[in-house]
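Read the structure below first, then the notes.
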Amino acid sequence: MRDPVRWSAVVSSATAPVLLIGGWSVAAALQPSFDPLRDTISALAGLGATDRWVMTVALLGVGICHVVTAHGLRPVATQARVMLAAGGVATVLVAAFPLPRAGSSGAHQAAATIAFACLAIWPALSRVPLARVATGVLVTLVVLFSIALATGVLVGLAERLAAGAQALWPLAAVLLLRRLTVRR
């Protein structure tokens, strides 16, 4: 039987969390006085950041990986694949609209909101087992991040938990689908 999950999806889904977590780790190490519990990933790619290119390239790569993964997840419902790809495109836009040196950016906030929303709900639109549980966890983490943003408490930690989980779920879905395919 032909494998319904393309190898490109396997590679891209494994690459996304490595790029994201590796990107924020390297960028944070290069940034003086960066507090990963308080400061956001976006601050690492912002216009005032030291070596902002590191996180910018990581975000671009993660976004592209999500688009490639969406294309290769053939057994997943089309609307889920479109939502995952939209989350990837929005992630690219997060990198394209960096935070200014001071204040915020409407374009950046809009892109980040769309990315977080799409990447949290795409599993619910799929036919992947455990997808509702994954969506529940991802949405909960995004809500906690929103609360952290509103209160200013542990914003960096909450964002990393949400973004990290969103980067890992496509890999989990790919591995689960490949395992289910082998059993048939």
The chain, accessible surface, carbon-and-sulfur percent (1.4 angstrom probe): 71
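Please work out the average accessible area per residue across the chain, using the 1.4 Å probe convention, and give it in Å².
48
Taking the range 10-118, which trypsin sites (Lys or Arg not before Pro) meet the DSSP loop condition and have no more than 12 other C-beta atoms within 10 Å?
On the way: sites: R38, R52, R81, R101; in loops: R38, R101.
The qualifying sites are R101.
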Degrees between helix 155-183 axis and first principal axis of the chain (Cα, 0 to 90, nearest 10): 10
Most positive-pole-ward Cα, T56, V137, L99, against dipole of the range 37-152 from beta carbon charges: V137
Choice from F145, F34, F97 showing the highest fluctuation, given a GNM over the chain with Cα pairs closer than 10 Å: F34
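Roughly how large, in nm² to one decimal, is the mean projection of the convex hull of the alpha-carbon atoms in the range 64-115? Display every interim value, and only then the final one.
Working: hull surface 13.8 nm².
Taking a quarter of the hull surface, the average projection is 3.5 nm².
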Choice from L44, L30, L93 showing the highest fluctuation, given a GNM over the chain with Cα pairs closer than 10 Å: L30
Efficiency of FRET between T50 and S8 - r from beta-carbon atoms, R0 30 angstrom, step 0.05: 0.30
Between the range 66-101 and the range 147-163, the alpha-carbon center distance in angstrom: 22
Computed magnitude of the charge dipole of the chain (debye, nearest 20; Cβ of K, R +1, Cβ of D, E -1): 860
Principal axes of the range 39-184: Cα extent on each, largest first, Å: 55, 28, 21
Near-label residues of the range 29-46 by backbone N, under 12 Å of a point 7 Å along Cα→Cβ of A102: none
Rounded to 10°, Cα long-axis angle of helix 78-96 versus longest principal axis of the chain: 20
Principal-axis tilt of helix 7-30 within the chain, Cα atoms, nearest 10 degrees: 20
T140-V153 pseudo-label distance in nm [points 7 Å out on the Cα-to-Cβ vector]: 1.8
Whole-number Å³ per residue for the convex hull built on Cα positions in the range 108-156: 68
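The values are calculated or read from the model by the stated rules, or taken from the named source; none is laboratory data. What you see is a predicted model, and the numbers here were worked out from it, not measured in a lab. We place every Cβ from the backbone using ideal geometry, glycine too, and count neighbours over all the protein chains shown. Side chains are part of the model used for accessible areas, which takes the heavy atoms of the whole protein and leaves out ligands, DNA and RNA. Shrake-Rupley method; radii C 1.70, N 1.55, O 1.52, S 1.80 Å.
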